[in-house]
Structures are given as structure tokens and as C-alpha cells.
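What follows is one structure encoded as C-alpha cells, with my remarks underneath.
What follows draws every value from the coordinates through simple rules; no lab data is involved. It should be emphasised that the depicted structure is a prediction, and the values quoted were computed from it without experimental measurement. Here Cβ is always computed from backbone atoms with ideal geometry, including for glycine, and neighbour counts include all displayed protein chains.
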Amino acid sequence: MPPPSDIVKVAIEWPGANAQLIEIDQVIRSPTFQLILCVCVHRWSLSGSEQFALRYADGPQLYITEQVNQVKLNGHHHHALQLLDRIQSHGIDARLEALKELAKLSADPTFAAEFINMEGIGTLARLVESGTHFGEMLAFTLTAFLELMDHGIVSWDLISLSFIKQIAGYVNQPMVDVSILQRSLAILESMVLNSHSLYHRVAQEITVGQLIGHLQVSNQEIQTYAIALINALFLKAPEDRRQEEHTHPLDQRLTEMASTLAQKHLRSIILNHVIRGNRPIKAEMAHQLYVLQVLTFNLLEERMMTKMDPSDQAQRDIIFELRRIAFDGENDASGTEKRKAVYTKDYKMLGFTNHVNPAMDFTQTPPGMLALDNMLYLAKLHQDTYIRIVLENSSREDKHECPFGRCAIELTRMLCEVLQVGELPNEGCNDYHPMFFTHDRAWEEFFCVCIQLLNKTWKEMRATAEDFNKVMQVVREQITRALAMKPSSLDQLKGKFRALSYSEILRLRQSERMSQDDFQSPPIIELRERIQPEILELIKQQRLNRLCEGSCFRKLGNRRRQEKFWFCRLSLNHKVLHYGDLDESPQGEVPFELLTDKIPVSDIKSVVTGKDCPHMKEKSALKQNKEVLELAFSILYDPDENLNFVAPNKYEYCIWTDGLCALLGREMASDLTRSDLDTLISMEMKLRLLDLENITIPEAPPPVPKEPSTYNFTYNYG
């Protein structure tokens, strides 16, 4: 007969001794593992069982601790002490092996805490500062240092200046080992992101210009680390601005960085060596390019939030310049009153809401002065287009004129929302657009293309002033649909806009909209109600099957580019959730044997989402980001434990929250369930009603005929 399901056999090894195969009763937890440890120590004639611990031989080789098996083993203290001694030994081979093992074990939080308590990080820092380590030995030292610091036990503020200089030196060296360069870039990035004081020190040692060289290599990992450090330096630069006196809008360093990011040299390197030189671009590289794009656009935030001062003559002169370019030669009116009347007429034809003092149109933020900057750029660098748009609308007399000024202001506000101007980058988002790296003035050129689209759509819709909001909604949809196609250049974007005409938008809306017109009669409603339980059960089974397949999740808050992952899946009998850490993102299904932790479904008390999640209550700008909040959920189980998730995308979020609700017997209420339910019910009903095509279904059943006057009727077959 097969062995009981609660009994498993475990092999335990000791160097130079025969392995011991021992049966474990999974129902009895803490005493069993402690007993196994004592038995093994006794069989191998080792003294002091409290000096030893159980550790996995395969995978990440983590210690079996209280977190996994509810038993606290103290052997990691002894092992950490041994490693610390071996690291400081004189034998090069012994030291190399010790550092190699330390780099592997540092990911274990229990071991890391013990090693740090022994001043292990200080020892590693001194080894780096000495400058006597090279090659593999240095790479393992930096890896261990980074892993230990990642646990957040020690503050980055304690790092010495000599250590920073040494790490920066590895980055600035022309020829350095790839693994050392990767870890050095990652350490510098963590310093910048986690310490305001270290930002200043790192910024003195490393400039964006020095990092550009690392973007020209063929190694995509190095490119990713370099862009990540550029982003970190740029992201933290505004912190200085808040410390300075407000005599200048940007501090000197931010201004220098903005100038560097705007250089054609940097853009061409990113475009040619990073975007076009890498096929395919990995997810982390795509995320860093997205972050760089958002941070670059955030340079516009100051102008976006600056109101126009109607009394400022220099600002008023810009509006006058717009009028002069559009109506050149028509400003010959003599006399102040006559000139004012002419200007008022011109400002009305330019499409400003306030004809007398158009400066008042730019007092709302956003878009503030940024809208005026865009309009002036169009008028000066695309003068023919500007004059054509203004004149063809100012000469119309059928109330279908497109108000250029009002449209330009509203379009600028819309583009700021679409491209997240002034917002923090979303963690996990990879939505970058290659075309923004193809032009020195990508933002302004993008506006010029979009304002022409708006004018074209206005004419196609034959809109009037009352239709302004409707036109802006259509234009927003055209822009977001075109950006979703990832055009590689502004010329390609123009082609996408030509294809997305107003009639095409209507067609797409029609094809995507679920038509409910045919499903409102009582018989159809009754049929829908009968079908719905079957479809919900089908959706429930699909969700549970997906949970059985499992999903990979990123560890939240891991700032380094060397990503950390963990995997979670439901047992085939739907009774246990298995989960565990992974070294890298898996390509397929992860076996249950590699997932060392588990939670019985019967222990789950509830599932919470968004701000109610324990890991979302921590104070962190990125963690409080709206998109991260929308993807967060947690499992609360007995007694006060929780398992925290941040889904990689909205689809996985819906799958897991639906599946967990189904396991707990609760309603599946996600947007995906509603969408799937509507789609499947619609398909099923159309199939069942296929034979009734072109037949009008009555609102009510046909009336029952009157009873016959007599039932004495027969058929005469003669």
C-alpha cells in the first residue's frame, strides 16, 4: 500500500559522511526537525547540536528557519562566524571559496542578520577599500555586500567616502570586469535612491556624461544598470532644489543634468545602441527607458505649473508675437483705441476665450505657461502650418471654426496627463516610446503633430463650440490608440493618425462596444439569467486552473537591477498554496518541490486589496504610486500572518483575486470577470438564437387561444 500522504523522506548530508534518509511527519512540525538535527549530529559523532542548522542543498540554499518550519535553528550563527574568519584568512583560495559561499548565503534574511550583527558589512567594506581584491574575489565581495544591504538592516548613510570613491573608480575605469561593473553600478544606484547625503557624494564622483560610455557597449545588462543609475541621479536631483533658496527655479546640478539629457549625443546613443541595438529589449531595460522618458518630460513640470502674470509685459509680448505672425501686415491701425479694437478682433480669431486680455487664458495650471511655449514653438518653427490653421478657421462663418487658442491650451493639458508630466514613474511599467528619443524637441514636435490632428478631427466631426469636449475626447482616444502601436518615429505617428480618422474611431467603438439592443426583451433576459450560473462556474474553473499553473511575482521595493522573483501556485486539489523564492524569472511551470513554503487554504481568513494591504501602508513614494496600489493584494491567515503580492499586470491581478475569492466561496467581482461574463454570455446567447436570425422575438409569449365551443371533434379518415 502507498505510504501516508503526510510522510515524506528527506536526505540529510554532512561533508565526508554517509547521507541519512529520515522520514518526516509533516503534521508534527517543530519537534520533528529538532529531533532530526539531534539524531544526525549523534550519528555522525558531532558535539553540540545547537551549533548546527538544516539548509537546503539545492536551489537558493537557504536555511530552514522559523519562517519555513516554525522552528528556530541556531546553526546559522556558527556558520556566519566561520565564514567571517575564513574571509579574513591569508589563504587566497580559502578566502575566495568563503566569499563565493557568502555571496550565495547573503540572500537568506536569517543568515544575513547574524552576519551583520558580527560587523560583517564593515569587514566587506574594508576589503573593498583596501583595493587588494580583483576579479572573482572582488565580484563575490560586492555581490555579498549588495545582498546584505538589500535587507534594510543597516543604513546606507553609514557608508564611508573612501568606499564610495573605490566603487566609483570601478565605474570610471576604461577596462573593468563586467560582473564588477554591474555590481558597482547597482551599489551606486542603491546609494543614490536610499540616502540623500550619499546622493551628493556619488554625484561628485560620477556624472551622467561619464555613464554615457557604458551605453555604447553590446551588453544589455550593463546598459540597463547605467540607465538605472542615470535615472536615480535624475530622480533625486529635485531634492536639492527644495533645500535651496527659491531664487532660481532649478538648482545648478538639475540644470546640468537636464542639459545632458537634452543633448543630441545622448539621445542618439540611446536610440542607436540601446533601442535599435537590442533585439529584443528585456523588461527591465524597457522599464528604465520608460522611467528616463517620464523623468525627461518632468523637466516641463515647472512651466506647466507656472501661471501667466497678466501684468508681465515680456509674457504679453509672446501673445503679441503669436498675433503678429498670424496676421502680419494688419497692425497698421493708428490710435490706441483703434489698435485695441483690432487686437481684440485678432485675439478672437486666434481662438482665445478672453478676447480683451488673452493672458488670462494661461492662468490655470496645468498647463500654465507650457501651453504658450507650445504655441510659440508651432508659430515659429512650423509657421506655414500655424498660419494655415489660424486663417482657415478665422475666415469661417458657419460656426464650425476650430478655436486654436482654446484647443492648444486644452491639448497641452491632455498631453501632460497622457505622458505623466510631473508624476512619479510607475513601478513595473514598461510603456516607453522610441519616437521620443528621435528628436531634440520631441515634446514640442509631438504637440505640433497632435494640434494638426485636432484641427483635422474638428473638421471631420463638423463640430461647433458646443462640441468642444466631445472633440477632445475623440482626439484623446486617437492619441492613446496611436501611442499604443509604438510608432518608432514622428513620421510613423503621423501615419497612425491618418489611419485613425473620426470615422475609423466610430467603427472601432462600434466593434468594441457590446451591443445590448438585442438583449432587452423579457424572453432574452430570462434566457440570460438561466445561462449566467453556467458561465460563472466556467470562469471560476478557469481562474482556479490558472492558480494551479501559478504565477511569478517581483519582490516589491527591490531597487537593484538584479531582480528578485518569487512564485506562487495552488495545489491540484485546491487545498494548499505553495510559494517560494526564485533566482530568476521562470520560463515555464515551477514544480511544487522547488516551492518550500505553503499556506493551507483553510487557514486563509481574508483577501484584501489596495490600501488595505499591509505592504501598501508603508510610507514610500513609489509604493504609494497609484498603479502599484491598483495591483496590490494580500492574503491574511492565522494568526496575524500575511502573504503580500504585487501583480505584474492588471490581468494577473484579476486572475488571482478572482481565484482566491472563488476558493473562499466569495463573489468574483473583478473587471475581468465582468468582461468575461458579458463576452461569454453574449457568445452563448448568439449561438442559441442562431436559428431565430431575422425573426422578431415577441415581448411576451403568444396568448393562449380560447377554448373550442365543443370537444366533440374527430378526424374522418374515410
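Within straight-line reach of Lys605, meaning a Cα separation under 21 Å, sit the following lysines at least 8 residues removed in sequence or on another chain: Lys540, Lys575, Lys617. For segment 633-693, the set of GluC sites (Glu not before Pro) satisfying both a DSSP loop assignment and a count of at most 11 other C-beta atoms within 10 Å is given as Glu667, Glu693. Charged neighbours of Gly405, selected by a Cβ distance under 12 Å, balance to -1 (K, R count +1; D, E count -1). Extension gain, Lys282 to Lys470, is 63.8 nm, computed as 0.36 nm per intervening residue step minus the present C-alpha separation. Between Gln364 and Ser268, the simple spin-label model (points 7 angstrom out along Cα→Cβ) gives 4.2 nm. Simple spin-label estimate for Glu667 and Asp177 gives 6.0 nm between the two label positions (7 Å along the Cα-to-Cβ direction from each Cα). Taking 30 Å as R0, compute the FRET efficiency from the Cβ-Cβ separation of Met685 and Glu460 and round it to 0.05. The computed FRET efficiency comes out at 0.25. When the square roots of the Cα gyration tensor eigenvalues are ordered a ≥ b ≥ c, the ratio a/c for segment 127-218 is 1.5 or more and a/b does not exceed b/c, which makes its shape oblate. Stretching the chain fully between Lys399 and Lys100 yields a gain of 100.0 nm (0.36 nm per residue, less the alpha carbon separation).
Compute the FRET efficiency between Leu594 and Ser162 as 1/(1 + (r/R0)^6), taking r as their Cβ-Cβ distance and R0 = 56 Å, and round to the nearest 0.05.
Values: r = 42 Å, r/R0 = 0.74.
The calculated FRET efficiency here is 0.85.
Computed extension length for Asp603-Gln492: 34.5 nm, one decimal, from 0.36 nm per residue of separation with the Cα-Cα distance subtracted. Note on Lys494: lysines with a C-alpha under 25 Å away, same-chain residues under 8 apart excluded, are Lys264, Lys380, Lys456, Lys459, Lys470, Lys486.
Take the Cα of Met485, step 7 Å toward its Cβ, do the same at Glu423, and the gap between the two points is 2.4 nm. Per residue, the convex hull spanned by the Cα atoms of segment 168-224 measures out at 73 cubic angstrom.
So, counting K/R as plus one and D/E as minus one, what does the shell of residues with Cβ under 14 Å around Gln420 add up to? Taking every other residue near Gln420 into account, the sum is -4. If you sort the three axes of the alpha carbon gyration tensor as a ≥ b ≥ c, you get a/c of 1.5 or more for segment 567-694 and a/b above b/c, which makes it prolate.
Please label the shape of segment 398-520 as rounded, prolate or oblate, based on the square roots a ≥ b ≥ c of the eigenvalues of the alpha-carbon gyration tensor (a/c under 1.5 means rounded; beyond that, a/b larger than b/c means prolate, else oblate). Please report the intermediate quantities before stating the final value.
Working: a/c = 1.76, a/b = 1.23, b/c = 1.43.
Oblate is the answer for segment 398-520, as a/c is 1.5 or above yet b/c matches or exceeds a/b.
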